[in-house]
Amino acid sequence: MKYVDDVTQLFASFGEAAGSYQEIQPNYNDFKDNLTSPTTSITQPDLNAALPQAITAEFPLEETAPLLLIGPPVTRAKNVVISLPSPKTAPLPSESMAAPLTGDHPRLSELLRELKQTRRDGLPTPRKQTEAKVIAVVSANGGVGKSTVVAGLAKALRRLGGRTIAIDLDPQNALPSHLGTLKQGAGLIQLKQPDTDWSAHCQPGYCDSELLPFGTGNVDDLRSLKQQMLDDTNWLNRHLVSMNLGENDTVILDTPSGANIYSQQALDAADLVLVITVADAAAYLALDTMAQWLETRARPAQVHRYVLNQQEDSRSFSRDMSLLFQRRLGSDLIKTIRLDHQLNESLAYNQDPLQHAPDSIGCQDILSLARAVHALLLPDAIDEHVAP
C-alpha cells in the first residue's frame, strides 16, 4: 500500500478529503515553557585562567531556546553564585616577624661601639690583684655589729712579718672609734685622685693594726667619690694594687649594709667574704637574697662564709633561731659570737676590749673567729701567731 492511500483512508475515516492535508512547520518563537521540576546546571570554571584573589561572581544565565528532552522537564535557573578558587600567594610579613629585626638594632650599635673602643684602646689587659689577702665583711641588714667584727679581726689577725689594714668603705665612718683612731686624718673621701698613695695615709690602731678611714666630707665630696666608683669598676682593686702590699699582709674591708656600690667593689676584690648576720626573723628571711647576690658577684677562688653575731643564749627564741641558721647554712656558718656587753662598754670608754677584758665571752669568740679565718685564708700554713 502506498503512502497516499494511507493518508486518504485516514482522512476518510474522519469524514474529510485528503486534499485538505498540509504539513505545518513548527514555530518555536511562540513556545511557552511551563516546566516545574527544578534542576541546576553548573558550569565548571576555567582553573587555568588568571583570577583575582577571593572574588565571588554573581550573574544571571542567558535565556536560550528550549531543547527537546527525554526525561523529566527542566526548570530554567534564575541565578547561580559561583565561588572562584583563590590563587596561592605569599603572605605579607607581619609586625611580629619584623619586631626582632627592630630589637636587634640597639644590640648591634652597642657591639659596634665596643669594637670602636677596642680599636682605640687596644685589647683589655688582665686585671692585676694585690698580693695581700683581702677579706670583705658584708651584711644584708644594718645593726648586726659588723664594724665590731671588723675591728676584732684587724686586731687579732697579725700575721708574722705582715701588716693588717682595715679599710672603712662605710660613709658612717664608725670604724676609727673601734680601733682607737680618733685623729681626724684624711680618708677615702679626700683621697680621690687616681695616683694617691693609700698606704701613706693609713693610721695606727689597737694591737698594731692599721686603719684607712672613710673620712668626712660634704654631699658633693660623697657624690664625687661614688661617681668615680661607678665609672671605674676596678677602682678599689686598682688602689689596693698601688699600695704594694706583700703576701703576708691582710686587708679587711668594712662595707655598708645591703647591696651598694661600696660592697660591690669590696666583693670584686675579696678572697674571702664574711657575711655578718644575727639570729632574728628579718636576717633569716634575707638569706636567700644575700646568697643570690653573692653568687652574681663571686670571682674565681672566692670563699663565702657566715658569722652569727650577738647570740643571746638567755632567750629561747634566740636559741631556736640560732638552730635554724645552723641547719640552713651548715658548714658555711663558721662561727657564732655570743652577745657580750663588755664590747659596747669598752667602746664607750675608748678602750680595746681584747686588752681590757680578754677573757670575756665576746673577746674569746672573736679570737676563735680569727683562727677560723686564718685557716680559710692559708689552709696549708703552719701555725702562725694569732693575737693576742
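Per-structure values
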item	result
Single condition R305 does not satisfy, out of (1) at pLDDT 95 or above; (2) over 25 Å from K335 (Cβ atoms); (3) of a type in the set (D, E, K, R)	(2)
Condition broken by A357, with the remaining ones in (1) more than 29 Å from A281 (Cβ to Cβ); (2) surrounded by 19 or more Cβ atoms within 10 Å (Cβ to Cβ); (3) small (G, A, S) satisfied	(2)
Sole exception among (1) free of Cβ contacts under 8 Å to residues at least 40 places away in the same chain; (2) closer than 18 Å to S199 by Cα; (3) of a type in the set (A, V, I, L, M, F, W, C) for A291, by number	(2)
Top-ranked residue of segment 166-209 - restricted to ones that are more than 36 Å from the chain's Cα centre (by Cα) and of a type in the set (A, V, I, L, M), ranked as farthest from A348 (Cα to Cα)	A200
Residue match in segment 270-290 (condition: polar (S, T, N, Q), over 24 Å from E210 (Cβ atoms) and within 29 Å of the chain's Cα centre (by Cα))	yes
Residue tally, condition more than 20 Å from S177 (Cα to Cα), hydroxyl-bearing (S, T, Y) and open to solvent by 60 Å² or more (accessible area, probe 1.4 Å), over segment 318-354	1
Selection within segment 270-312 - closer than 22 Å to K128 by Cα and of a type in the set (S, T, N, Q)	T296, Q302
Residue list for segment 104-135, restricted to those being at pLDDT below 55 and surrounded by 10 or more Cβ atoms within 10 Å (Cβ to Cβ)	D104
Residue ranges of helices (runs of 4 or more DSSP H) in segment 211-297 with at least 2 members open to solvent by 60 Å² or more (accessible area, probe 1.4 Å) and farther than 30 Å from L323 by Cα	219-231
Test: residue in segment 312-326 that is touching a Ser or Thr at 6+ places or on another chain (Cβ under 6 Å) and either within 21 Å of K146 (Cβ to Cβ) or touching a residue at least 24 places away in the same chain (Cβ under 8 Å) (or both)	yes
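Okay, residues lined up against (1) open to solvent by 10 Å² or more (accessible area, probe 1.4 Å); (2) at negative phi; (3) of a type in the set (A, V, I, L, M):
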{"site": "V137", "(1), (2), (3)": "no, yes, yes"}
{"site": "T148", "(1), (2), (3)": "yes, yes, no"}
{"site": "A154", "(1), (2), (3)": "no, yes, yes"}
{"site": "R158", "(1), (2), (3)": "yes, yes, no"}
{"site": "I167", "(1), (2), (3)": "no, yes, yes"}
{"site": "N173", "(1), (2), (3)": "yes, no, no"}
{"site": "L182", "(1), (2), (3)": "yes, yes, yes"}
{"site": "I189", "(1), (2), (3)": "no, yes, yes"}
{"site": "S199", "(1), (2), (3)": "yes, yes, no"}
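Conditions tested, residue by residue: (1) under 24 Å from M290 (Cβ atoms); (2) outside any helix (DSSP H, G or I); (3) without any contact (Cβ under 8 Å) to a residue 24 or more places away in the chain.
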| position | (1), (2), (3) |
| --- | --- |
| T336 | yes, yes, no |
| Q342 | no, no, yes |
| L347 | no, no, no |
| N350 | no, yes, no |
| L354 | no, no, no |
| P358 | no, yes, no |
| I366 | yes, no, no |
| V373 | yes, no, no |
| P379 | no, yes, yes |
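The values are calculated or read from the model by the stated rules, or taken from the named source; none is laboratory data. Being a predicted model, the structure only gives us computed values, none of them experimental. So basically every Cβ, Gly included, is an ideal-geometry build from the backbone, and we count neighbours across all protein chains shown. Just so you know, the surface numbers come from the protein's heavy atoms only, side chains and all, with ligands and any DNA or RNA stripped out. Shrake-Rupley method; radii C 1.70, N 1.55, O 1.52, S 1.80 Å.
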